[in-house]
Amino acid sequence: FFCFVLLSIALLYKPVDRVTRSTLVLHDLLKHTPASHPDYPLLQDALRISQNFLSSINEDITPRRQSMTVKKGEHRQLLKDSFMVELVEGARKLRHVFLFTDLCLCAKMKKQIGGRNQQYDCKWYIPLTDLSFQILDEIEGIPNIPVVPEEELEAMKMKISQLKNDIQREKRANKGSKVIERMKKKLSEQESLLLLMSPNMAFRFQSRNGKSYTFLISSDYERAEWRESILEQQKKCFKSFSLTSLELQMLTNSCVKLQTVHHIPLTINKEDDESPGLYGFLNVIVHSASGFRQSSNLYCTLEVDSFGYFVNKAKTRVYRDTSDPN
């Protein structure tokens, strides 16, 4: 039996050994091939694909990388990532969105089966040179967003609060862990549902090929932050491109170790000893604002983090084309 296990392990490593040997051969070939030779860029691409493949299968034993190699020795770095709700044919879908130095990628987290590592499935990507976006409450033709009645959202929040109290009571009573685990599972389900149903601020990504993708966001600040990050990076991008299916797969696989946001923003993912937060009423009066260097459409918004993510609670009227709102 022991010999059989060793043989099985050796057989499993054979494909990896072959790719490793091929990578070394490609490296030597590239070193002795003139840059002007027509095969030089093909060897570069082959070497890049081999190296990325070896990096992706060694992700559990190599240090977490902040970037991955792309053509001509450049590096694609992850700038920002977060969970968002995408509107797909009228249905709300939870996505993980990744902003890289040259593209934006939208992925779906696959269900983990049998203890397998976390995996992503790429739904779409757009090179930053081909990407434009619109804030849909500022343009005509707002899509039909399925809005959940406020009373239903409040009922979800009440149920979440009750489940949290019940969990704390069971812990103080030293009840069995199975009871608490069942309650935590219910809490996770309710918080996930609330996270999916709450956002109503539309944020549309458009590709040069005519396709568009609509996200629903709860936080006005988060929406503006994404917009600014994309605009800033677009100043450094000058040409369009397309990824092969293998390159797209490797990029999607790399998202697992490059991600900075590892958990859906639920309070169930927080430590038990964290502060329970603030309770009570908050009254806010905005009198004026100053210090703006140029005229713009200005407003003030109040957002509250009450269930693991920020929700817009109030917004002043918009002061248009001014630098001195009062």
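For SER212, what accessible area in Å² do you get when you roll a 1.4 Å probe over the heavy atoms of the protein chains, rounding to the nearest 10?
Result for SER212: roughly 60 Å² accessible.
Got a sec? What order do THR101, THR316, THR244 fall in by accessible area at 1.4 Å, biggest, i.e. largest, first? Walk me through the numbers on the way to the answer.
Working: THR101 25, THR316 50, THR244 70 Å².
From most exposed to least exposed: THR244, THR316, THR101.
Using heavy-atom solvent-accessible surface (probe 1.4 Å) with all chains present, what is the largest-first order of SER192, SER207, SER36? Could the numbers behind the result be given before it?
Values: SER192 45, SER207 25, SER36 110 Å².
Accessible-area ranking of SER192, SER207, SER36, largest first: SER36, SER192, SER207.
Label-point separation (nm) for ARG227 and GLU151, each offset 7 Å from Cα along Cα-to-Cβ?
Using points 7 Å along Cα→Cβ, the separation is 3.4 nm.
Over the heavy atoms of PHE133, what accessible area does a 1.4 Å probe trace out, to the nearest 10 Å²?
Accessible surface of PHE133 is approximately 40 Å².
So how exposed is LYS93, as accessible area in Å² (1.4 Å probe, rounded to 10)?
Roughly 90 Å² of LYS93 is accessible to a 1.4 Å probe.
Between TRP124 and ASN209, what length in nm is gained on full extension when 0.36 nm per residue of separation is reduced by their alpha carbon distance?
Working: separation 85, 0.36 × 85 = 30.60 nm, distance 1.27 nm.
This chain segment gains 29.3 nm when fully extended.
Stretch ARG172-THR33 to full length: gain in nm at 0.36 nm per residue minus the Cα-Cα span?
Numbers: separation 139, 0.36 × 139 = 50.04 nm, distance 7.11 nm.
Result: 42.9 nm gained on full extension.
Taking all protein chains together and a probe of 1.4 Å, list PHE100, PHE281, PHE241 from the most accessible to the least accessible. Intermediate values should be presented prior to the final figure.
Details: PHE100 0, PHE281 210, PHE241 65 Å².
The ranking, largest first, comes out as PHE281, PHE241, PHE100.
The values are calculated or read from the model by the stated rules, or taken from the named source; none is laboratory data. Everything numeric in this text was worked out from a predicted model, so none of it was measured. Glycine also receives a Cβ, built like all others from the backbone with ideal geometry; neighbour counts cover every protein chain displayed. Remember, those area values only see protein heavy atoms, side chains included, never the ligands or the DNA or RNA. Shrake-Rupley method; radii C 1.70, N 1.55, O 1.52, S 1.80 Å.
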